[in-house]
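Following this message is one structure expressed as structure tokens.
The values are calculated or read from the model by the stated rules, or taken from the named source; none is laboratory data. Here the structure is a predicted model, which is why all the values come from computation and not from measurement. Because the Cβ atoms are built from the backbone with ideal geometry, glycine has one as well, and the counts that use them run over all protein chains shown.
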């Protein structure tokens, strides 16, 4: 973390990674190949764990909740059928993905007791602590990982943690350093990292910086749906709402994640296109309600954002923000809860004010 | 939900991940040397070669430098290499219409172009090139290999389960008119590499002999010197013809330990270690390239025959190298466990799903998909 060099940019062809369209096809090809084995019973434990990871990766990149569900089913079946260390590790990752952090820690402990090595277990534990907002514990583990081996993965994970803690300067240095250590050709890790830093700048209100990084992520992976979604958010923020709407329409139509529908509803509302906004609003409310039945912890934060915004139901937003804050004590979950409390307060004073008239 | 992300996992590009390398004299009776590289194990139908990877074949003349217990090769410096590169298909988002073009650049300056999955391949300057999806010619029961190591007992069943049954790979096949194109010979050392393309290509992986990294080197528990070292990434980054002195002792220690373990599996010692604890096969396997005699007639089972001849101080009689469908796991376990002094060890898997052909491009066409995509 000492010598920080000027970062070459992808536009200068560095580091060269597999074209995004090839990488996306190959991700499908990997999943299909491994899935065939899993269904015919030829799969090794390593291959099943890999399949779970690849489904999660595709879900992340394409914004596809169906892939997360597929990974969850596979992980549950894997535990039931084998009870192996790898199966518990796989299920721990799925629990963490759906923000069921205590269950994730339980499964991780079982995996470690069975045979997963300490290094792997600590990396997983760090990710769970980070999700929970237990940043100091996560930081200690992430730093140990870097001390053990300062690789792209360990440095990028540490960079992401600093970004989440809001320690921007350190996060940026680590971001650059991790990229300099990247030795692969897969575009996914670099695009995911740029996306993460794009989000960091959005939270800091630095729209231009966020836009640059999100554009880099999309250059590497044109089909990267969450990056496209956040680009639209930034475009709307800097006054290019028409562009944002054009970007969001295909996402809202194709993704089963209601985030894009919700954003579209908000931007259309702000543009005064009320009727269209209401259509998307109803759809978002419907999808969020259904997802919250199955995955309350995972969707509480975004659903709360929706009902604080275009969903216009501060009371519901507060309930969800409380669930989210009970799940993870992060600065963002705290800020969301404060906003929800504020919105309810405003609502109450409005009602009282009206009553008083 | 989609925002929750706490660090990238190591994600290798499957299109840069080599599974096997083969080298054999042409079974069609011509004076050609055939070399093949497989990547992307268990590839689904949409798999493509990466446009960011150099798929490299390196060939050097080699001679037998010593025989007997100090058997060793002397590798010449007159190398000819073939770099295969691939474009981004114009319709790469469309499964049906994605047609990928490739080119093979020789280190001697010639270029041959080809279209992926065209069985006729491309031809020019004494080299015919095929690239495309094919049936994986290898077969083995990985779970029983793992069980053998975990239980420290041979665990193969009479009828095993082929881990690669019905799976496909991406293959690159070169058929080379060796007297015209290569330098020296007829004994050649062949190694394949994948490299990250760019101004200064970085080696991602190298592969020569079969099952060195997985079956032979991966187990850490027997290695008292480097018990916690995942040695394979380091090993991959090495130049097969010039292994750095920095880590060679680490590799040697791992070979010695793991080969000694395999020798214990039949309860007797067939490979006594020397005074320094070196296994008799270590030096030959550290020379991690296929050695093939291009002047010999094609044989289906000839892997390691040249090396075995060297150990026994006699002349080799086969082309060595490696044919596509040789029952490698049976051979390897027999070699490692009893040195051929006992019965042949059978892993219970004796054939691939589809036999390779004796006609270019040799590897069988791809198997149909087994399951619907999720």
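Can residue A:236 be described as part of a helix (DSSP H, G or I), more than 11 Å from chain B (Cβ to nearest Cβ), more than 17 Å from residue B:13 (Cβ to Cβ) and touching a residue at least 24 places away in the same chain (Cβ under 8 Å)?
Against the criterion (part of a helix (DSSP H, G or I), more than 11 Å from chain B (Cβ to nearest Cβ), more than 17 Å from residue B:13 (Cβ to Cβ) and touching a residue at least 24 places away in the same chain (Cβ under 8 Å)), residue A:236 qualifies.
How many residues are modelled with pLDDT under 95 and within 11 Å of another protein chain (Cβ to nearest Cβ) when one looks only at the stretch A:64-87?
The total comes to 0.
So how many residues does the stretch B:328-352 have that are part of a loop (DSSP other than H, G, I, E, B), farther than 16 Å from residue B:157 by Cβ and under 21 Å from the mean Cα position of the chain (by Cα)?
Count: 1.
If you go through the stretch A:181-193 one residue at a time, do you hit one that is within 19 Å of the chain's Cα centre (by Cα), surrounded by fewer than 20 Cβ atoms within 10 Å (Cβ to Cβ) and not in a helix (DSSP H, G or I)?
Looking through the stretch A:181-193, none of the residues is within 19 Å of the chain's Cα centre (by Cα), surrounded by fewer than 20 Cβ atoms within 10 Å (Cβ to Cβ) and not in a helix (DSSP H, G or I).
For the stretch B:48-89, enumerate the residues that are out of contact with any strand residue (DSSP E or B) (no Cβ under 6 Å at 6 or more places or on another chain), surrounded by fewer than 21 Cβ atoms within 10 Å (Cβ to Cβ) and more than 27 Å from residue B:111 (Cβ to Cβ).
B:64, B:67, B:68, B:69, B:70
Filter the stretch B:26-47 down to the residues that are touching a strand residue (DSSP E or B) at 6+ places or on another chain (Cβ under 6 Å) and away from chain A (no Cβ under 12 Å), then identify the one that is surrounded by the fewest Cβ atoms within 10 Å (Cβ to Cβ).
Applying the filter and picking the extreme gives B:26.
Kindly list the number of the only condition in (1) part of a loop (DSSP other than H, G, I, E, B); (2) surrounded by 19 or more Cβ atoms within 10 Å (Cβ to Cβ); (3) touching a helix residue (DSSP H, G or I) at 6+ places or on another chain (Cβ under 8 Å) that fails for residue B:162.
Result: residue B:162 fails condition (3) only.
Conditions first: (1) in a strand (DSSP E or B); (2) under 19 Å from the mean Cα position of the chain (by Cα). Residue B:102 passes all but one, so which condition is the exception?
Tallying (1) in a strand (DSSP E or B); (2) under 19 Å from the mean Cα position of the chain (by Cα), residue B:102 fails exactly one: (2).
Name the helices (runs of 4 or more DSSP H) wholly inside the stretch A:58-144 in which the number of residues that are in contact (Cβ under 8 Å) with a residue 40 or more places away in the chain is 3 or more.
The helices (runs of 4 or more DSSP H) meeting that bar are A:85-97.
Here is a follow-up. Of everything in the stretch A:301-357 that's in contact (Cβ under 8 Å) with a residue 60 or more places away in the chain and assigned to a helix (DSSP H, G or I), which residue is surrounded by the fewest Cβ atoms within 10 Å (Cβ to Cβ)?
Filtering the stretch A:301-357 for residues that are in contact (Cβ under 8 Å) with a residue 60 or more places away in the chain and assigned to a helix (DSSP H, G or I), the one surrounded by the fewest Cβ atoms within 10 Å (Cβ to Cβ) comes out as A:331.
Of the conditions (1) away from every other protein chain (no Cβ under 14 Å); (2) over 30 Å from residue A:310 (Cα atoms); (3) modelled with pLDDT of 95 or more, residue A:246 satisfies every one except a single condition; which number is it?
(2)
Now a separate question. What's the total number of residues in the stretch B:261-303 that are assigned to a loop (DSSP other than H, G, I, E, B), under 18 Å from residue B:344 (Cβ atoms) and touching a helix residue (DSSP H, G or I) at 6+ places or on another chain (Cβ under 7 Å)?
The number of residues fulfilling the criteria is 4.
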